[in-house]
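Student: Pasting a structure here, questions to come.
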Amino acid sequence: MNTWLSIDNLGLTEGSTRIIDSATLTLSARRTVVLGPNGAGKSTLLRLIHGLLHPSEGTLRWSPPLSQAMVFQRPIMLRTTALANVVYGLKLKGQKATECEGRARQALMHVGLEHLASRPARLLSGGEQQRVALARVWALEPELLILDEPTASLDPASSREVERIINDIAGGGTRILMTTHNLGQARRIAEEIVFIDRGRIAEQTPVAEFFKLPRTAAAQDFLQEEMP
Amino acid sequence: MSMHKPNILMTEFKDSFLTAWQLLAASDARLSGIVLLSLRVSLAATVIACVAGMPIGALLAVGRFPGRRVLIVLFNGLMGLPPVVVGLLVYLLLSRAGPLGGYGLLFSPTAMVIAQAVLVTPIVAALTRQVIADEWSEYREQLRSLGASRTRAAATLLWDGRFSLSTAALAGFGRAIAEVGAVMIVGGNIDGVTRVMTTTIALETSKGDLPLALALGFILIVVVLAINAVAYAVRGWAERRWG
């Protein structure tokens, strides 16, 4: 597998808190799930990689540079239709207006929501909104999709649907980098687990091995607590 | 014996109310001319204030440039600008010796529109900034992730906040239609030309002619209440329609 991102000595300090502490990591798997206790710095790491946050020190080296998109824990919908929300993302990427609608409709079909295309997005259920958010990024056909706890506030049925969509997007060749609290989901989606503890990368392990026997004591404790 | 005075006053009031009601019922030409001019001037001023003030407010909320904080404080402060001071400044600008004196706008409805637009723009800008700043804190990461520039984000949020912003526009209109100092100074309260509701009320009351003042006062209150009712209805509808 080819390395697509080398993270070297990445750090983020806010006030006197080290939120990310000298993270060094090479990512080459196509589906990576970042696990760790609450407040370990998972979301912050994803935001640094996505460019929403600027590191205090360290570097990110992309090879080659990837087009990327991000899905957040809480979907943000504009006060317009579901379809227009998807079109908006395409327009920002400079797509021709004539092509936008067709592609947006197709993306909504992929997430199983074409029948809700003309509905006001903010009045959809939480699960439906998250699927519109997934359609919005899917339409962009990113090379890397980052997802920050995309199913954290969803019911089990919606979670499964979102997971199905993530798998479909990955099947199209998009690299996946995500966090989740759902260990079953992590096991089903990931090829590789990155475990992060108190701002430090504790280990990076193939998924089967991680769930059988993690290398670090911190990860062992974490698994024991999450799966008694 | 001292009971007489209030009784006389009461009768006088009653007569004034009666005449006021007759003026309203007959939709008196002089009355309706004054009302229409008021609405025209304040509407035009509000439109100008929105076109100028809303983008300013959005950029103050979303932008990052030197002097932003100073401008925010300035616009918040200018919300309480005394109308007479605005009137005086616009008067100086438009008077024959002033920089814009050549256009001969003083004592015209145009001068009144300018003065009210100056008065209302900071109000619209400051209220817009509050609305957009709230939206920005919610949308910021998503919009940046999708690659929106700050200018683009400001435009998106102005559209997204359109229903909340209607309140800012109506607050501006309410301020414009109710102020008296600015239009009095730059309009001159010329009968049939620049006489609006508030200036007429001031003049007629000082002359002791209460019926016309009362009729106009009544209309002014109805207009202001109607504006707020519309604002309330629009927001309720938008909430149900778009969430």
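The values are calculated or read from the model by the stated rules, or taken from the named source; none is laboratory data. Keep in mind it's a predicted model, so treat the numbers as computed, not measured. For neighbour counting, all protein chains shown are included, and Cβ atoms are generated from backbone atoms with ideal geometry for every residue, glycine included.
Student: What residue, of B:216, B:146, B:210, B:170, is out of contact with any Ser or Thr (no Cβ under 6 Å at 6 or more places or on another chain) and either more than 14 Å from every other protein chain (Cβ to nearest Cβ) or closer than 19 Å to residue B:123 by Cα (or both)?
Tutor: One residue alone meets the criteria, B:170.
Student: Which residue pairs have Cβ atoms under 6 Å apart, sit 6 or more places apart or on different chains, and have a first residue in region A:61-82 that is within 14 Å of chain B (Cβ to nearest Cβ) and surrounded by 18 or more Cβ atoms within 10 Å (Cβ to Cβ) and a second that is of a type in the set (Asp, Glu) and part of a helix (DSSP H, G or I)?
Tutor: A:78/B:160; A:79/B:160
Student: Moving on to the next point. For region A:194-225, which positions are under 21 Å from the mean Cα position of the chain (by Cα) and under 22 Å from residue A:1 (Cα atoms)?
Tutor: A:194, A:195, A:201, A:202, A:203, A:204, A:205, A:206, A:207, A:208, A:210, A:211
Student: Can you tell me which residue among B:134, B:160, B:191 is surrounded by fewer than 16 Cβ atoms within 10 Å (Cβ to Cβ) and within 14 Å of another protein chain (Cβ to nearest Cβ)?
Tutor: B:134
Student: Which one is surrounded by the most Cβ atoms within 10 Å (Cβ to Cβ), of the residues in region A:1-17 that are modelled with pLDDT under 95 and assigned to a strand (DSSP E or B)?
Tutor: A:14
Student: Hey, another quick one. Out of (1) more than 10 Å from chain B (Cβ to nearest Cβ); (2) modelled with pLDDT of 95 or more; (3) over 25 Å from residue A:167 (Cβ atoms); (4) surrounded by fewer than 17 Cβ atoms within 10 Å (Cβ to Cβ), what's the single condition that is false for residue A:38?
Tutor: The single condition residue A:38 does not satisfy is (2).
Student: Does region B:77-89 include one or more residues that are surrounded by 22 or more Cβ atoms within 10 Å (Cβ to Cβ), within 22 Å of residue B:157 (Cβ to Cβ) and either out of contact with any Asp or Glu (no Cβ under 7 Å at 6 or more places or on another chain) or not basic (Lys, Arg) (or both)?
Tutor: Checking region B:77-89: not a single residue is surrounded by 22 or more Cβ atoms within 10 Å (Cβ to Cβ), within 22 Å of residue B:157 (Cβ to Cβ) and either out of contact with any Asp or Glu (no Cβ under 7 Å at 6 or more places or on another chain) or not basic (Lys, Arg) (or both).
Student: Only one of these is over 21 Å from residue B:194 (Cα atoms), hydroxyl-bearing (Ser, Thr, Tyr) and surrounded by 16 or more Cβ atoms within 10 Å (Cβ to Cβ): B:19, B:110, B:46. Name it.
Tutor: Criteria check complete, one pass: B:19.
Student: Keeping to region A:83-116, report how many residues are surrounded by 20 or more Cβ atoms within 10 Å (Cβ to Cβ), away from chain B (no Cβ under 12 Å) and among the small types (Gly, Ala, Ser).
Tutor: 2
Student: Being under 15 Å from the mean Cα position of the chain (by Cα) and at pLDDT 90 or above narrows it down to one of B:238, B:178, B:233, so name that one.
Tutor: Matching residue, one of B:238, B:178, B:233: B:178.
Student: Just checking: which of the helices (runs of 4 or more DSSP H) contained wholly in region B:127-226 hold 1 or more residues that are of a type in the set (Phe, Trp, Tyr)?
Tutor: B:150-160, B:162-178
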